[in-house]
Ligand SMILES: Nc1ncnc2c1ncn2[C@@H]1O[C@H](COP(=O)(O)OP(=O)(O)OP(=O)(O)O)[C@@H](O)[C@H]1O
Ligand SMILES: [Mg+2]
């Protein structure tokens, strides 16, 4: 926490309740200028609510956020002037062209005519949409719509960009395109708050992260520190035809016998060594007892997925579904 300038975003003790659901529960974090901060969590964790509060669109029940020193609840407009927001849902007019959409949102942002032209050219270049700018958005692919959504958020050259799951529902190539564009923005000094339930994206982009679940922060800090909260995992390759993978009851028995979290997928069993590699022999013995057939095994360093699994006992990926693999 040394050698830093003053934080540009301070999130301080946020609470937000919807009926019986506590969407955000005592959330605090800070973001430094030029940093890409990751907010990672499964469906319903409270990511969108948090970004909504930071952008001044949702009032917290308690706590506050400052952006560039301006309170989002008291000095909302001044704070908002520093922010660019890319919402999770697409906010686009399908019957207009991309250029018409951009012009419309640029005027809403209060930009002048000459500035509008210049900025549209700039955000098109960043998002790689130059060639499609005069097509109606209706004809755009999902990935192009996502990119236009980002382009709109970039109008006005915000100091802080809030990105809410900007790669959901698009193919890997389009996803790559977006991640690279975000990376370039960060390299050019923009401060970014990036939410996702894809740990690979957050690992790729972010220096510091918060992992949320049910409105609460369950882990927070520099990426390398948060990763270190989980142990290495042993990844065991089992034959895809192995009965174990297709037998929920047998899997359940194995899970109960193991002293560490297990995540089955495809032809793989991942077991997190919560107590370090000295746990490996014990685990192998249990696997032999349960007649698990093995094709191979390797040790993998922890990542955000295994951190989430070891802290919550459930998998983060695939829409954060809590359903078992059966
Ligand atoms: N306007 C609302 N009214 C009632 N409940 C809400 C409202 N907005 C959010 N919630 C609830 O608050 C919790 C957090 O929702 P939120 O949308 O912030 O999560 P999220 O992390 O963005 O999830 P996702 O990954 O699905 O977008 C959820 O349980 C959700 O159902
Ligand atoms: Mg959301």
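The numbers here are math on the coordinates, done by the rules we state, and not lab data. In this text, all values refer to a predicted model and were calculated from it rather than measured experimentally. Positions of Cβ are generated from backbone atoms using ideal geometry, with glycine treated the same way; all protein chains shown enter the neighbour counts.
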Between the Cα axis of helix 98-108 and the main Cα principal axis of the chain, the angle (0 to 90°, nearest 10) is 70 degrees
Suppose we look only past 11 Å in the calculated P(r) of segment 83-128. What percent of the Cα-Cα pairs does that tail hold? 70 percent
With label points built 7 Å along Cα→Cβ from the Cα atoms of residue 115 and residue 6, find their separation and express it in nm. 2.4 nm
Suppose the chain between residue 157 and residue 268 were pulled fully straight at 0.36 nm per residue; how much longer would it get relative to their current alpha carbon spacing? 35.4 nm
For the chain, with a Gaussian network of springs between Cα atoms less than 10 Å apart, report the residue from 230, 257, 98 with the top mean-square fluctuation. 257
How far is the Cα center of segment 36-55 from the Cα center of segment 101-117, in Å? 28 Å
In a GNM of the chain with a 10 Å cut-off on Cα contacts, which of 145, 159, 78 has the highest mean-square fluctuation? 78
In units of 2.2 N^0.38 Å, what is the alpha-carbon radius of gyration of the chain? 1.12
For segment 1-148, just run the numbers: alpha carbon Rg, then divide by 2.2 N^0.38 Å, N being how many residues it has. 1.20
Which residue fluctuates most in the GNM of the chain (Cα springs below 10 Å): 294, 148, 304? 294
Taking the chain as the reference, fit the longest principal axis to its C-alpha atoms, fit the long axis of helix 172-187 to the helix C-alpha atoms, and give the angle between the two in degrees, 0 to 90, nearest 10. 60 degrees
Measure nothing but the geometry: give the 0 to 90° angle between the long axis through the Cα atoms of 248-257 and the longest principal axis through the Cα atoms of the chain, rounded to 10°. 80 degrees
Distance in nm between label sites at residue 122 and residue 220, each 7 Å beyond Cα in the beta-carbon direction? 3.2 nm
Please grab the % of Cα pairs in segment 28-102 that end up more than 18 Å from each other. 50 percent
Pop out the Kirkwood hydrodynamic radius of segment 233-301 from its pairwise C-alpha distances, inverse of mean 1/r, in Å to one decimal. 11.9 Å
If packing is taken as the mean number of other Cβ atoms within 10 Å per residue, what is the order of 197-210, 233-246, highest first? 197-210, 233-246
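Compute for segment 89-238: radius of gyration divided by Kirkwood radius, i.e. Rg/Rh, restricted to C-alpha atoms, rounded to two decimals. Each step should come with its number before you reach the end.
Working: Rg = 17.7 Å, Rh = 17.0 Å.
Looking at segment 89-238, the ratio lands at 1.05.
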